[in-house]
Structure formats: structure tokens, C-alpha cells
Amino acid sequence: MTAEGETVLTITEELDALPGVVEDTVFLCRRPQMVQFRVGDTWSRTINAKFIIPDDYPAVCVAIELDAPFLPVDLLDKLEDRCTKLAKQENGKPHLVKVVEYLSKTVRSNVLLPAWQELKDLKEILGPEDKLSQKENGTVTVHIKHNNYFAKIEAKLTRKYPEDGMQIRVLESNFHESLVMTYGLQASESVRLLTLGVQPAEAIRRSLGQEAKKFESEELGPKGDLSSNGLLELRRDMQWLKERKAFEESGDGKAKHRRAMRRIDAREMEREMELLKTDDEIPFERPKALPSLLAAMSYLSEVLVHGLPEVCCTSCGNRMFPKDPTRQEKLFVDAKSGKRAPRMPERVICGHWFHYKCLEKFLHEPDDHGSFRKKCKICGLEVEHMTLWKDVGAREKKWAKEVEKQREMSEIADFLGV
């Protein structure tokens, strides 16, 4: 009940006052028994709120229904419950504006709303010793531990997540700095690819440099329309290019040539402007950005923290990294020579690991069929390294020279009777 002498706003007065009280709120429908708003400042954090207004409002609370194109149903259910609880706390006073104000403030202040389901899934895959903390400003920090190794990873989501992606980095770790830098850059690259609409598994492969030949000429952006309209546009473009080429090859004077070029270009520009007047005639469509928090965090957790300590050399089968993280430095630099250590970890493009000397020997010698296109024993892909014996032709020439040299030495030994 309202206090004696207190002015009670009618539902019409509440709705009239709403635009001046709540930001980023747009009326979608306004009727005596039902009001619908759109709340949010980005498409990934937009909520459509429907309020069913009873006849004896405000003595009876409004019924609230929330819908969103990007946010999960479980999150919307929780927000509905909180809004209903807030309405009931008003004890019969007008509460529509307060509920909408609370909803708008929640959407605007909590940057992590679009990643709600990802955070929920991330908590499930973390181990009992792992820790996750989050802030409404978009910062997510995960501390992951496996045996004696650990990594503290931070992700900062933007207000337009997932369209603008996020920043991800390894804050602390006892892995070698070169490994931290490599995996951090690959996680950032996978985030960039996900914002372009590349599927998670494919984004991880591309960030590793895999299937480079397959995607060498492939664009991440929109693809052309090969419908009848699209082919017609292609034929028109080809005709325009032919006309330009014909004038360029003709022996007409320069002034006449320039006037003809201007007429052709003006006609083409006019036609392009007509196409741009309606969106449905544009034969391109940018793919929607995909969420990147769970994919990037899972990659660093599974491949870096949990994966590296257990990985073995593809050639000799021995463990790549010591159980004691403090002994890693010996793997990367030889203490005596200061050069690359023989057991230095080297990862090839397919993602598997070799000791430096094992990889050098593996790539230097041909297989049983005399081929230098060596296959990985684990995945069967061709073994390639960014700097070490990448050119197959160079390997074959070097091996041929060594074989020829050994043959000549053998012939000389036979001639001398040694």
C-alpha cells in the first residue's frame, strides 16, 4: 500500500517518463495491457522485454518475458526471476520503470553477458586445482595447474564482444618464455579468425599454420554470388573491362581516348550506385563473428598447460619436457657452446614435437623409398618446419651430393686398395 498523501503514477505517466530515465531503451509496442521494449547498446547484448500489465496494476505485479537473439535461455530465466523479485519488493507501488531501469543497467554494465554460457562451460572443464575469477568490466582470469607446471591467463572482452573479439595473454607461467610467447600469439590469432566467422577447430588449425596451401588463396571475408543475378553482374564487369582494353589498344588521340574512358567509367559508376540503393541486391554477406573466449582458453589449457608436460618426441619417443620446470633452460641453450641444445623442443607445422637433433636427422635422411617428403608418424601429414629444411628440393640436392661424395670416396679407396 502507498503512504497517505503520496502521489501514485499511472501506467501512462510511467511510460511517458521512461525515455528520460532509462538509456538505450526503444519502444517496440505500447498498448494498455502490454508494453514491449528493446534494451541494450550492441546486438550481442540486446534484450527484448515484454511486460504484461494486469488490470489492477500496480497492486498486482507485471508479468515479465525476456527474449534475446544471442543470450542463452538460462541467463534470460535468471534475469526474469530477478526482475520479478524486484517488482514484488515494491509492495504495490508502480514498479515498471524501476524494473526496466534495473534491466538496462545490468545489460550496460556487465560486459560478460554475451560470454555467460562460455564461462559456464569453462568452469566445467577446469580441474579441481584450477581457479577462475571474473569482473563485470569484461576481465576473466584463469589459473591453471598441471603437475608442477602452471599458467595464469587473462582475457579482456570488449563491449562489442564477440564482434570485436578480445585480448588474451599469459600473465604468469613457469613454462619457457619462448613457449609462452608462441602459444599466446596462436591464441590471439585464433580469436581474430573467430571474429571473422571461422569455425573454432578450423581457427585453431590456421593459427598453427596448418593447411596453409589449402587456404593460401581463400578469403576469410564474403564470397561472391553465383546465382543468375551474380553471373549477370560478372558478365557486365567483363564487358566493361573489354571496352576499356579496346580503347587502350586503339590508335586514337589521347584527348579522344580520355573522353571515351570517362564515359565508360561514368556509366559503370552509375550502375554500381543503383545496385547500392537496396541491400538485397548486394551479392555479399559478411559472416557473423563467433564467440572466442571458450575456444582460446580451452586451447591454452589443454595444449599448453596440460599437453606440453606430457608430450613426447615423435622420432625417439622420449619425453620432451622435464618434470621439474626449473630444468627447462638446459633444453633450449647448450651450457657449453651457448648454441641451440640437441634436445631443444621443435614443433613442426602439423603440431607434433621433435627434439632438434631428432628432427634434423629425420629430415636429412630419405625414407625407405628414397623420398624426402617425410610423413609424421602420428598424424600422417608431411613434416614441415618453418626454418629447418623446409625446402624439399634443397634437401634432395644436399643428400645427392653426400651420396656422390661417398661413392667417389669408396671408388678411390677401392682403387688404392685401402
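Numbers for the structure displayed
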| item | result |
| --- | --- |
| Ellipsoid equivalent to the range 30-164 - semi-axes via the Cα gyration tensor, in Å | 36, 15, 11 |
| Sites matching trypsin sites (Lys or Arg not before Pro) across the range 110-193 that sit in DSSP coil, with at most 13 neighbouring C-beta atoms within 10 Å | 135 |
| Neighbourhood charge, 11 Å Cβ-Cβ cut-off, centred on residue 193 and excluding it, Lys, Arg +1 and Asp, Glu -1 | +1 |
| Above-threshold pairs, the threshold being 22 Å between Cα atoms, out of 323/374; 156/323; 152/377; 88/123; 50/93; 105/160 | 323/374; 156/323; 152/377; 88/123 |
| Gap separating the Cα centres of the range 182-202 and the range 111-155, nearest whole Å | 18 Å |
| Alpha-carbon gyration tensor eigenvalues x 5, square-rooted, for the range 51-108, Å | 21, 12, 9 |
| Percent RCO, i.e. relative contact order, over the range 130-198, from Cα pairs under 8 Å lying at least 6 residues apart | 22 percent |
| Amide H within-cut-off set for residue 197, under 5 Å, with H built and near neighbours excluded | 290 |
| Residues with amide H under 5 Å from that of residue 341, placed H, sequence gap 5 or more | 333, 334 |
| All-pairs alpha carbon distance profile, the range 94-220, 5 Å steps from 0, percent | 2, 9, 15, 18, 18, 14, 10, 6, 4, 2, 1, 1, 0 |
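Each reported figure results from applying straightforward, stated rules to the coordinates on display, with no laboratory input. Since this is a predicted model, take the numbers as computed values, not measurements. Quick reminder, even Gly has a Cβ in these numbers, built from the backbone with ideal geometry, and neighbours come from all protein chains shown.
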